[in-house]
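Here is the structure we will look at, set down as structure tokens.
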Amino acid sequence: MTPSPTSHPHEDRRPSVLFVCVHNAGRSQMAAAYLSALSDGRIEVRSAGSAPADSVNPVAVAAMAEDGVDIAREVPKILTPESARGSDVVITMGCGDACPVFPGTRYEDWKLADPAGQDLAAVRPIRDGIKRRVTALIGELLPNDGS
């Protein structure tokens, strides 16, 4: 990230992360919710899908509720070039060629099973893997945070 001439990195601007998967109904919603909750608002969080579903996967909602995170009122959103361009980090989860790539933006692809069509027992390890990755990401984006 290159700061503007009038700002200093992270002084008056939070780092921003965009999570992208095809339907924005499972993995990206879980990751965004964890990042919001675990960073206490210190990171700007977005999620989107290249072909958004009508609603968030109810099994993902149930898995997150087990860990005290409520995503029941979230709504899948369409991926736009602006949302990607406005993010410091874009994390894809199987969105393939539909994800726009912009110079100067950090990209990661998290290989995670798709919770679509899975039962709660199968979604729990996906949820736990997302939480571990999000926790590590927070450590990278807020290294001197001390919390």
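Coordinate-derived values only; no laboratory data. Since the structure is predicted, the reported quantities are computational estimates derived from the model, not experimental observations. Here the Cβ is made from the backbone with ideal geometry for all residues, glycine too, and neighbour counts use every protein chain on show.
Could you sort 85-93, 59-67, 119-127 so that the peptide with the highest average Cβ count within 10 Å comes first and the rest follow in order?
Descending packing order for the listed peptides: 85-93, 59-67, 119-127.
Only Lys, Arg, Asp and Glu count, each charged at its Cβ (+1, +1, -1, -1), so figure out the dipole size of region 16-136 about its Cα centre, rounded to 20 debye.
200 debye
Let me know the Rg and Dmax you get for region 106-147 when you use only its Cα atoms, in Å.
Reported Rg and Dmax, both Å: 13.2, 40.
Treat the chain as a sphere of radius equal to its Kirkwood radius over Cα pairs and apply Stokes-Einstein at 37 °C in a medium of 0.692 mPa s; give the translational diffusion coefficient in µm²/s, rounded to a whole number.
D = 212 µm²/s.
What order do you get for 17-30, 38-51 when each peptide is scored by the mean count of other beta carbon atoms within 10 Å, highest first?
Averaged packing, sorted descending, gives the order 17-30, 38-51.
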